[in-house]
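Have a look at the structure below, then the notes.
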Amino acid sequence: SQTIHQWPATLVQPVGSPLSLECTVEGTSNPNLYWYRQAAGRGLQLLFYSVGIGQISSEVPQNLSASRPQDRQFILSSKKLLLSDSGFYLCAWSVEGEKLFFGSGTQLSVL
Amino acid sequence: AQRVTQPEKLLSVFKGAPVELKCNYSYSGSPELFWYVQYSRQRLQLLLRHISRESIKGFTADLNKGETSFHLKKPFAQEEDSAMYYCALSVTTDSWGKLQFGAGTQVVVTP
């Protein structure tokens, strides 16, 4: 069966520090991969999605970047975190025509 | 720009009473609409989507293009329905995962 792993569950980072959140999917091939963020009191906002290795689309201008070095690995990064990067980050995957499957999320606090 | 509005942040109902979660969207074309749910300590998951015209766990949702609404309804709420519910809109067919989410409605069902 398919599973999605996302880590870490919580992260506290100082302003200006780098960030790397990782997400991996098992049990499926060539999934579409997504990074969503939920700021306090707001709905989930799509940040990046990928339809294949090395193919990244950014939905909103921001301080973050994403990479897909392997078929089932999706990484969210930042060189220097801002206070506004705080939030709950969710990785998700889907296969064409199917529903979204979400990871358990990472709560990021930038102090 | 597309937008999904869930006017109620919190909905408190008694067990056995009807429950209706409101969702309004703004989009000039033909959208695909979804309801996602997150139960306590569980991952966000798909509840239903309008193209399937299905009833899941007693919930139904009808797309009203005239009123641009996709309200979620259940005639008799159960305690296990207590959860966070998100309405979501997809405006593209190239990826089912590119969704615009509402801010969510917390449902609390009391005995």
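The values are calculated or read from the model by the stated rules, or taken from the named source; none is laboratory data. Fair warning: this is a prediction, and the values are worked out from it, not measured in the lab. Neighbour counts are summed over all protein chains in view; Cβ atoms, including those assigned to glycine, are modelled from backbone coordinates with ideal geometry. Heads up: the accessible areas ignore ligands, DNA and RNA and are worked out on the full protein's heavy atoms, side chains in. Shrake-Rupley method; radii C 1.70, N 1.55, O 1.52, S 1.80 Å.
Does the stretch B:49-57 contain at least one residue that is open to solvent by less than 80 Å² (accessible area, probe 1.4 Å), part of a strand (DSSP E or B) and modelled with pLDDT of 90 or more? No, because not a single residue in the stretch B:49-57 is open to solvent by less than 80 Å² (accessible area, probe 1.4 Å), part of a strand (DSSP E or B) and modelled with pLDDT of 90 or more. Residue count for the stretch B:1-21 under the criterion of being under 12 Å from the mean Cα position of the chain (by Cα) and either open to solvent by less than 30 Å² (accessible area, probe 1.4 Å) or away from every other protein chain (no Cβ under 14 Å) (or both): the result is 5.
Checking the stretch A:33-41 against the condition returns no match, with no residue being touching a strand residue (DSSP E or B) at 6+ places or on another chain (Cβ under 6 Å), open to solvent by 40 Å² or more (accessible area, probe 1.4 Å), outside any strand (DSSP E or B) and in contact (Cβ under 8 Å) with a residue 24 or more places away in the chain.
The residues of the stretch A:1-32 that are open to solvent by less than 70 Å² (accessible area, probe 1.4 Å) and either in a strand (DSSP E or B) or in contact with an Asp or Glu (Cβ under 7 Å, 6 or more places away or on another chain) (or both), listed by number, are A:T3, A:I4, A:Q6, A:L11, A:Q13, A:L19, A:L21, A:E22, A:C23, A:T24, A:V25, A:N32. With respect to the conditions (1) within 13 Å of another protein chain (Cβ to nearest Cβ); (2) open to solvent by 60 Å² or more (accessible area, probe 1.4 Å); (3) on the phi < 0 side of the Ramachandran plot; (4) part of a loop (DSSP other than H, G, I, E, B), B:T92 lacks only one, and its number is (2).
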